[in-house]
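Structure first, then comments.
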Amino acid sequence: MKELLEGNLTKKWQDKRDRYVASAVGNGNRHIAAEAKGALVTDIDGNAFIDFAGAIGVQNVGHCHPKVIKAVKEQLEHFIHPGFNVMMYPGYIELCKRLCEIVPGEFAKKAILLNSGAEAVENAVKIARAYTGRQAVVTFDRAFHGRTNLTMSMTSKVKPYKFGFGPFAPETYKAPYPYDYRKPEGISSEDYDETMIEQFNDFFLSQVSPELVACIVMEPVQGEGGFIIPSKRFVKYVRDFCTEHGIVFIADEIQAGFARTGKMFSIEHFDVVPDLMTISKSIAAGFPLSGVVGKAEMIDSCGLKGSLGGTYCGSPIACAAALAVLDIIEEEHLIERAEKIGAIIEARAEEWADTYHSIGDIRRLGAMVAIEFVKDKQSKEPDKELVKRLVTYCNQHGLLLLDAGLKGNCIRFLSPLTITEVQLNQGLAIIEDALNSI
Ligand SMILES: Cc1ncc(COP(=O)(O)O)c(C=O)c1O
């Protein structure tokens, strides 16, 4: 496969970027985007990229979906931002209603809209603290919840997310989270569940007492952590533990939500209902929008007017995009499509696993698929270097691909769910070519 070219204009933009843009901002590759439609991104040199990254799980409905563009244009004809705190507008209210309808739970629900994922998590914690009158926040090993002080403190991976950025927010604790592929040798999955539940209980003896905990925030499938899927039994146990101890159970669906896993929200795979849910990313097809949705009595426990919200929260343009996104998911059957996409990727990855001894694990929930690379299947020693080379190769040969995992040894698939089968297979062929080459 041919390596993509970089023209002089691209080099000029790269130099300018290096001169003026903070170096700590990560870039998956050094190309400069010109156009993006569906699952295809084109750069200013005319190179085309199949998109398996979706702006890190933002583009479930695909880039620049015509319905999203239409809704946004229509909104722009009327107003850009009166500020919901100054004068209300229908889009915000309608979106909250639609979200309350689709988030699981047979109880009265309310929602608040914000801008980023981290902001949603921060607000969910504020709500849980106000509701319970408690301070402690429990997350999990390998969790990712954002880059603000509180959410960085709730996050597990030290480098790059936390290194040198302390002091961290007080009263944040990390509980153990299962990782079936890396369970001790010779133990069954059922016995491993028991061990993890025991460790989870011990954590509340050694780290923090349950009656001091405001909330447990859980990614039902860990995103940055490497698409790690816990057992139903473990998730149910955590849910029941929260109920027993008056702790608010918050599902962070920021990466896994909006049809990605073959359900509208990933928590639905586990037959449990969260008290609150944080949402963002694919909700608005690339416009900055996030939210907290859940039990009305909890959300309304922050009673003081002005205690939640922010200048740009629930932008009318983002709300218009989000309402279009919800229609598209339904009309284009993206929930069912996610399962099909995931099955195609999995089947191909299984073939690779027969040939390449470096593929240690393939795991998926719908179209949330990850492949974990190891130096050999016996030792399971993570092979971060190989993943680095694989991802670089793909990005240089027309495929936007991301790594994942605490040890950086996984690749993850977050393509638009509107990707065509031809594009999907083209993207997989580039990965196959990368595996052959490196
Ligand atoms: C599960 C999860 N929570 C929170 C966040 C933070 O979102 P943002 O980067 O929009 O602040 C992310 C981002 O990747 C995420 O995957």
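The values are calculated or read from the model by the stated rules, or taken from the named source; none is laboratory data. Being a predicted model, the structure only gives us computed values, none of them experimental. Every residue, glycine among them, receives a Cβ derived from its backbone with ideal geometry; neighbour counts consider all protein chains shown. Note: accessible area is taken over every heavy atom of the protein model, side chains too, but ligands, DNA and RNA are not part of it. Shrake-Rupley method; radii C 1.70, N 1.55, O 1.52, S 1.80 Å.
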Could you calculate the FRET efficiency of Lys232 with Glu94 from 1/(1 + (r/R0)^6), where r is the beta carbon distance between them and R0 is 45 Å, rounded to 0.05? 0.85
How many angstrom lie between the C-alpha centres of segment 96-141 and segment 208-244? 15
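Please arrange Phe227, Phe107 by accessible surface area, largest first, computed with a 1.4 Å probe and ligands excluded.
The ranking, largest first, comes out as Phe107, Phe227.
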Give me the one-decimal nm value for the distance between modelled label points at Val86 and Ala22, 7 Å along each residue's Cα-to-Cβ direction. 2.7
Add +1 for every Lys or Arg and -1 for every Asp or Glu among the other residues with Cβ under 12 Å from the Cβ of Ala36, and state the total. -2
Hey, in the GNM for the chain with a 10 angstrom Cα cutoff, which one of Ala347, Ala318, Ala370 fluctuates hardest? Ala347
Note: probe point = Cα of Ile187 + 7 Å toward Cβ; backbone nitrogen < 18 Å; residues of segment 198-226 passing the test are 198-206
Assuming R0 = 35 Å, what is the FRET efficiency of Ala429 and Thr243, from their Cβ-Cβ distance, to the nearest 0.05? 0.15
With all protein chains modelled, accessible area of Lys232 [1.4 Å, Å²]: 90
FRET efficiency, Glu330 to Ser307 (Cβ-Cβ, R0 56 Å, nearest 0.05): 0.95
antiparallel share of DSSP beta bridges within segment 67-331, to nearest 5, in %, is 45
For segment 199-270, which whole-number percentage of the solvent-accessible area (1.4 Å probe, protein heavy atoms only) is attributable to carbon and sulfur atoms? 48
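For the full complex of protein chains and a 1.4 angstrom probe, list Tyr89, Tyr237, Tyr131 by accessible area with the highest value first.
Details: Tyr89 5, Tyr237 65, Tyr131 90 Å².
Per-residue accessible area, sorted high to low, gives Tyr131, Tyr237, Tyr89.
Using 0.36 nm times the number of residues separating Arg147 and Ala169, minus their current alpha carbon distance, what extension gain do you get?
Details: separation 22, 0.36 × 22 = 7.92 nm, distance 1.20 nm.
Additional length available on full extension: 6.7 nm.
Just to confirm, what accessible area per residue do you get for the chain at 1.4 Å probe, in whole Å²? Write down the numbers at each step before the final one.
Numbers: 19470 Å² over 438 residues.
Here the residues of the chain average 44 Å² of exposed surface.
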Once you treat every alpha carbon in segment 111-243 as an equal point and sum by Debye, what is log10 I(q)/I(0) at q = 0.12, 0.13 Å⁻¹? -0.48, -0.56
Helix-derived mean residue ellipticity, 222 nm - over the chain, DSSP H n ≥ 4, -39500 (n - 2.57), to 500: -12000 deg cm²/dmol
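For the chain, which longest stretch is free of loop sites, where a loop site is one of the GluC sites (Glu not before Pro) that DSSP puts outside H, G, I, E and B and that has at most 11 other Cβ atoms within 10 Å?
Details: sites that count: Glu3, Glu106, Glu185.
Longest run free of exposed loop sites: 186-438.
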Exposure of Ser188 as accessible area (Å², to 10), given a probe of 1.4 Å and all protein chains: 50
Just the Cα atoms of the chain: what Rg and Dmax do they give in Å? 21.6, 64
Distance between segment 20-56 and segment 340-355 - C-alpha centres, whole angstrom: 25
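In the chain, which helices (entire DSSP H runs) extend 15 Å or more along their own long axis, judged by Cα positions, while averaging at least 0.0 on the Kyte-Doolittle scale? The partial results should precede the final answer.
Working: long enough: 8-20 (18 Å, -2.60); 66-78 (19 Å, -0.65); 90-102 (18 Å, 0.22); 117-132 (23 Å, 0.04); 189-206 (25 Å, -0.72); 232-245 (20 Å, -0.89); 316-331 (22 Å, 1.54); 334-355 (32 Å, -0.23); 384-396 (18 Å, -0.48); 421-437 (24 Å, 0.15).
Membrane-span-like by this criterion, though nothing is claimed about a membrane: 90-102, 117-132, 316-331, 421-437.
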